[in-house]
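*Asks:* Got a structure for you, written out below as structure tokens; questions coming shortly.
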């Protein structure tokens, strides 16, 4: 619209025209903007608490055999006291004088035990001369070595190995030696064991063999399946898991140490049995005690109700089975495993 002013006419837009400049220009229909993005969902909270551990896998091998429970200290002292009384009754130890006080009786027993261990230690050194004469006779072409002489040499070798630890214990802790015969009988030399202690050691060894026979029955069966009937089982079969400890248990050997050490013990024991079988004739007269020891050394379990003829028949069957074997150790290992896999021998309580 035109407005007259002092300087002339001037063009001025109307208010409605000024408002048109502020109206936004509409966008074309084809240029639509995308909708704003949706908000992200909240992140779940992490549970940082540790999950329960999965249970350990069940072992495929049998557990360790339940070894016989060892007596308590009080029971061990009673057994040691009974061993001393039994030795006094058999004349091995001199009994205390009648009417002796407790102090005098205790001192007397300590002196008698010291004398017994001294005589046992002296006997080990005395036997060295006897063994030297036996070896000189055999080397000179004299009479061949007998089974008794062979076993004497083997026993002497074991006693020499145990002598130094035994002397250390005897000099420092003499009063605990009767307890050692109960808890660790393998430490004592054969010449320093009382008769009742010997019987208890043999009973514990047989009980341990029965425990191993029940706990490792699957291992014995697997080893026996590897050996053909009347055949041999090579030493490599002992590489099977738990095989060395199972065979050591049935032979009455120590199970301490790794498998390599157990395998060496088994090989040495089988070599000893091969020499012993060569010197043991089927018609050799043996006492019942000697028969039981010979069978248990070969892993053949016995029972108190077995007669002398039954024991001798089992030993004769062993000797017939190993005669003429190409591999002496492998054949004996197969027999040991076969006897262990045959199951426990029925036993009855010994007569009182």
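*Asks:* What ranking do 93-102, 289-298, 255-264, 107-116 get when scored by the average of other Cβ atoms within 10 Å per residue, highest first?
*Replies:* Peptide ranking by packing, descending: 289-298, 107-116, 255-264, 93-102.
*Asks:* For residue 184 and residue 320, FRET efficiency with R0 = 45 Å and r from the beta-carbon atoms, rounded to 0.05?
*Replies:* 0.75
*Asks:* Now, a different point. Express the Stokes-Einstein translational diffusion coefficient of region 225-303 in µm² s⁻¹, to the nearest whole number, given a Kirkwood radius over alpha-carbon pairs, 4 °C and a viscosity of 1.567 mPa s.
*Replies:* The Stokes-Einstein estimate is 92 µm²/s.
*Asks:* Which value, to two decimals, describes the C-alpha radius of gyration of region 195-352 once divided by 2.2 N^0.38 Å?
*Replies:* So the Cα radius of gyration is 1.00 times the expected 2.2 N^0.38 Å.
*Asks:* Right, here's the next one. When the Kirkwood radius is taken over all Cα pairs of region 81-137, what Stokes-Einstein diffusion coefficient follows at 4 °C and 1.567 mPa s, in µm²/s?
*Replies:* The calculation lands on 98 µm²/s.
*Asks:* What ranking, highest mean first, results for peptides 200-213, 240-253 when packing means the other Cβ atoms within 10 Å averaged over each residue?
*Replies:* Final packing ranking: 240-253, 200-213.
*Asks:* Report the paramagnetic label zone for residue 118: residues of region 76-105 whose backbone N is under 16 Å from a point 7 Å from Cα along the Cα-to-Cβ axis.
*Replies:* So the set is 93-94.
*Asks:* So how do 125-138, 328-341 stack up, highest first, on mean other-Cβ count within 10 Å?
*Replies:* Answer by packing, highest mean first, reads 328-341, 125-138.
*Asks:* While we're looking at this one, here's another question. Sort all Cα-Cα distances of region 169-225 into consecutive 5 angstrom bins from zero, then give the percent of pairs in each bin up to the one containing the longest distance.
*Replies:* Percent of pairs per bin, in order: 4, 16, 21, 16, 11, 9, 10, 7, 4, 2, 0.
*Asks:* For region 72-193, state the average projected area of the convex hull of the C-alpha atoms over all orientations, rounded to one decimal in nm².
*Replies:* Values: hull surface 36.2 nm².
Mean orientational projected area (region 72-193, Cα hull): 9.1 nm².
None of the figures in this text is laboratory data; all of them are computed from the coordinates on show. Note that the structure is a prediction, hence the values are computed from the model and not measured. Backbone-built Cβ (ideal geometry, glycine too); neighbour counts: all protein chains shown.
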